[in-house]
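Trainee: Here you go, one structure.
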Amino acid sequence: MTRPEPQRGVLEIEPYVGGRARADGAGPVYKLSANETPLGPSKAAIEAFKDAATSLSLYPDGGAEELREAIAERYGLNPNRIVCGAGSDELLHLLAQCYLGEGDESIVTEHGFLVYPIVTSAAGAKTVVAKEVDCRTDVDAILSAVTAKTKVVFLANPNNPTGTYIPAEEVRRLQQGLRPDILLILDAAYSEYVSRNDYEAGIELVATCENVVMTRTFSKIYGLAGLRLGWMYAPQHIVDVVNRVRGPFNVSIPAMKAGVAAIRDLNHLKLSREHNDKWLAWLTAEISRLGLDVTPSVANFLIIHFPKEKGKTAKDADDFLMKRGLILRAVTSYGLPDCLRLSVGTEEANRLVVAALAEFMNAKAAAS
């Protein structure tokens with residue numbers, strides 16, 4: 001050894017790369033690559049953030065008590081079973097750190113969120129991939145992947161980047177099929193967008209099970225991605241473990257104040273959901289009319305499938321759109337090389353991207 005070496009598995013991690021924000025050489029740019037809400041944060045959250053400027057010299061409340069109580073009030077939860085973090089990503093890291101180690105395995109779905117294998121490898125454990133069916137989680141595939149080494153199962157519901165979900169009864173079947181010592185982590189980052197009667201974010205399951213945790217975020221429908229704010233609801237014994245290892249001041253004062261205001265602004269939440277419902281349906285219908293397959297989504301984004309023929313591929317479409325300032329998300333790293341992920345944007349952005357895709361498809365049709 002001639003220099004310090006990282007723990008085993010760290011150098012095998014492919015760093016997470018977020019959605020692009022710039023399109024070189026283009027005029028106006030429409031960022032539709034990061035699933036950010038086009039409505040932004042509520043005015044109440046912005047004002048709360050501004051008011052917090054006078055407290056920047058102070059350490060934040062290490063227990064995030066006011067924020068936990070606001071979350072508990074909103075959902076009818078016990079605040080003592082809530083842990084807040086710098087985005088739900090931090091909480092996923094902490095859970096992996098606490099419940100995975102060398103020789104252990106986690107299970108993720110085929111097109112699941114890339115952070116799951118990252119936090120698994122960082123903990124020294126191995127990631128096992130369960131196949132999906134038509135971009136949907138297959139509970140039987142997950143259960144078949146369980147071994148004596150399995151310690152954690154990660155399930156994004158709805159899933160990113162596919163936008164698909166599995167109903168509550170399937171999530172319950174998954175939990176019932178796992179050993180009681182396996183931790184089931186339900187990542188419900190996009191749950192606020194779902195209006196299906198058979199969907200549950202995970203609150204009910206956490207309330208009745210000792211091995212289930214639900215994580216949530218303020219980065220999506222609440223529009224606070226820049227503040228890095230998330231929370232988890234868990235059994236008391238898991239809360240106790242995570243609180244032993246998390247940073248004592250892991251959530252900033254501005255983030256907490258804005259979060260409290262955001263979760264109480266139900267009107268802004270309603271407007272954001274209505275905007276998404278309208279334009280998600282419109283985008284799905286209009287893009288499908290162009291001859292492109294779209295995976296049905298319940299989130300604030302959708303997956304567009306492109307042909308494999310030269311000149312018509314996802315990469316060709318991405319290059320074409322980028323030149324027009326329309327930035328979508330390539331999802332090759334998710335095992336979907338023939339797809340682009342499109343976030344629901346403003347009315348202007350949504351109409352522009354459909355018009356550009358129509359131009360792309362017509363141009364390629366004429367060329368062929």
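The values are calculated or read from the model by the stated rules, or taken from the named source; none is laboratory data. Please read all numbers here as calculations on a predicted model, not as lab measurements. No Cβ is skipped: glycine too gets one built from the backbone with ideal geometry, and neighbour counts run over all protein chains shown. These accessible areas exclude ligands, DNA and RNA; they are computed on the full protein's heavy atoms, side chains included. Shrake-Rupley method; radii C 1.70, N 1.55, O 1.52, S 1.80 Å.
Trainee: Kindly state, to the nearest 0.05, the FRET efficiency for residue 271 paired with residue 309, given R0 = 56 Å and r defined as their beta-carbon distance. Before the final figure, lay out each step's value.
Mentor: Values: r = 41 Å, r/R0 = 0.74.
The value I calculate is 0.85.
Trainee: Given a cut-off of under 8 Å on Cα pairs at least six residues apart, what relative contact order in percent is computed for the chain? Show your work: numbers first, answer last.
Mentor: Working: 706 pairs, mean separation 90.3, N = 368.
Dividing the mean separation by the residue count of the chain yields 25 percent.
Trainee: Further question: How many nm is it between the label spots at residue 197 and residue 243, if each spot is 7 Å from the Cα in line with the beta carbon?
Mentor: Taking the simple label geometry, residue 197 and residue 243 are separated by 4.0 nm.
Trainee: If you don't mind, another one. Which residue, chosen from 223, 197, 235, occupies the Cα position most advanced towards the positive end of the dipole of the chain, where the dipole is computed from +1 (Lys, Arg) and -1 (Asp, Glu) charges on Cβ about the Cα centre?
Mentor: Most positive-ward Cα: 223.
Trainee: Along the charge dipole of the chain, pointing to its positive end and built from +1/-1 on Cβ of Lys, Arg, Asp and Glu, which listed residue (328, 188, 355) has its Cα farthest out?
Mentor: It is 355, whose Cα lies furthest towards the positive end.
Trainee: Next up: 222 nm [θ] for the chain, helices only, -39500 (n - 2.57) per DSSP H run of 4+, per residue, to 500? Don't skip to the answer; put the middle values down first.
Mentor: On the way: 12 runs with 140 residues, N = 368.
Mean residue ellipticity at 222 nm (helix-derived): -11500 deg cm²/dmol.
Trainee: Across bins of 5 angstrom width beginning at 0, how are the C-alpha pair distances of the stretch 121-218 distributed, in whole percent?
Mentor: 2, 13, 24, 27, 20, 11, 2, 0
Trainee: Give me the angle, in degrees from 0 to 90, between the Cα long axis of helix 253-264 and the longest principal axis of the Cα atoms of the chain, rounded to the nearest 10.
Mentor: Tilt of helix 253-264: around 70 degrees.
Trainee: A further question follows. Would you mind checking the pairs 31/151; 131/310; 126/310; 50/270 and listing those with alpha carbons more than 30 angstrom apart?
Mentor: Working: 31/151 38 Å; 131/310 28 Å; 126/310 37 Å; 50/270 23 Å.
Beyond 30 Å: 31/151; 126/310.
Trainee: Just the ratio, please: alpha-carbon radius of gyration of the stretch 1-133 over 2.2 N^0.38 Å, N its number of residues. Could you put the intermediate results ahead of the total?
Mentor: Numbers: Rg = 19.8 Å, N = 133, 2.2 N^0.38 = 14.1 Å.
The stretch 1-133 yields a ratio of 1.41.
Trainee: Give me the aspartates and glutamates in straight-line cross-link reach of residue 312: C-alpha distance below 15 Å, same-chain residues under 8 apart excluded.
Mentor: Partners within reach: 293, 338, 359.
Trainee: Checking the table 278/308; 220/257; 43/278 against a 27 Å threshold on Cα-Cα, which pairs fail? Don't skip to the end; give the middle numbers.
Mentor: Values: 278/308 30 Å; 220/257 17 Å; 43/278 22 Å.
Distance filter (> 27 Å) returns 278/308.
Trainee: If you line up the Cα atoms of the stretch 254-297 on their principal axes, what length do they span on each, largest first, in Å?
Mentor: If we take the Cα atoms of the stretch 254-297, the spans are 46, 18, 12 Å.
Trainee: Taking 0.36 nm per residue of separation and subtracting the Cα-Cα distance, what length does fully extending residue 351 through residue 54 add? The partial results should precede the final answer.
Mentor: Numbers: separation 297, 0.36 × 297 = 106.92 nm, distance 4.16 nm.
Using 0.36 nm per residue and subtracting the Cα-Cα distance, I get 102.8 nm.
Trainee: Then there is this: Charges on Cβ only, +1 for Lys and Arg, -1 for Asp and Glu, centred on the Cα centroid of the chain; of 250, 343, 128, which one is farthest towards the dipole's positive end?
Mentor: Highest projection toward the positive end goes to 343.
Trainee: Also, quick follow-up: Could you look at the chain and say what percent of its accessible area is carbon and sulfur, using a 1.4 Å probe and all protein chains? Before the final figure, lay out each step's value.
Mentor: On the way: 8680 of 16780 Å².
Its accessible area is 52 percent carbon and sulfur atoms.
Trainee: Relative contact order, percent, of the stretch 267-368 when contacts are C-alpha pairs under 8 Å separated by at least 6 residues? Walk me through the numbers before you get to the answer.
Mentor: Numbers: 116 pairs, mean separation 26.5, N = 102.
So the answer I get is 26 percent.
Trainee: Continuing with the same structure: Running a GNM on the chain with Cα contacts under 10 Å, which residue among 156, 262, 141 ends up with the highest mean-square fluctuation?
Mentor: Residue with maximal mean-square fluctuation among 156, 262, 141: 141.
Trainee: Give me the net charge of residue 94's neighbourhood, meaning all other residues with Cβ under 12 Å from the Cβ of residue 94; Lys, Arg count +1, Asp, Glu -1. Working shown, then result.
Mentor: Values: positive: 244, 246; negative: 89, 90.
Residues close to residue 94 contribute a combined charge of 0.
Trainee: For the chain, what is Rg from Cα atoms divided by 2.2 N^0.38 Å, rounded to two decimals? Could you put the intermediate results ahead of the total?
Mentor: Numbers: Rg = 20.9 Å, N = 368, 2.2 N^0.38 = 20.8 Å.
Here the Cα radius of gyration is 1.01 times the empirical estimate.
Trainee: Between beta-carbons, use under 14 Å as the cut-off and find the net charge around residue 347, counting Lys and Arg +1, Asp and Glu -1. Before the final figure, lay out each step's value.
Mentor: Values: positive: 278, 351; negative: 274, 277, 286, 348.
Net charge around residue 347: -2.
Trainee: About the Cα centre, and with charges only on the beta carbon of Lys, Arg (+1) and Asp, Glu (-1), how big is the dipole of the chain? Nearest 20 debye, please.
Mentor: Details: 40 positive and 45 negative charges, 136 e Å.
Taking the Cα centre of the chain as origin, the dipole is about 660 debye.
Trainee: Follow-up. Please compute one quarter of the surface area of the Cα convex hull for the stretch 87-161 and express it in square nanometres.
Mentor: Details: hull surface 18.2 nm².
Projected over every direction and averaged, the Cα hull of the stretch 87-161 covers 4.5 nm².
Trainee: Just how many % of Cα pairs in the stretch 268-368 lie over 25 Å apart, if you round to the nearest whole percent? Show your work: numbers first, answer last.
Mentor: Details: 803 of 5050 pairs.
Distances greater than 25 Å cover 16 percent of the Cα pairs.
Trainee: Find the accessible area per residue for the chain; the probe is 1.4 Å, ligands and nucleic acids are left out, and the unit is Å². Each step should come with its number before you reach the end.
Mentor: Values: 16780 Å² over 368 residues.
Each residue of the chain exposes 46 Å² on average to a 1.4 Å probe.
Trainee: What share of the DSSP beta bridges in the stretch 36-195 is antiparallel, in percent to the nearest 5? Spell out each step's value before the answer.
Mentor: Values: 1 of 14 bridges.
Antiparallel: roughly 5 percent of the beta bridges in the stretch 36-195.
Trainee: Plugging the Kirkwood radius over Cα pairs into Stokes-Einstein for the stretch 183-323, at a temperature of 10 °C and a viscosity of 1.306 mPa s, what D comes out in µm²/s?
Mentor: 88 µm²/s
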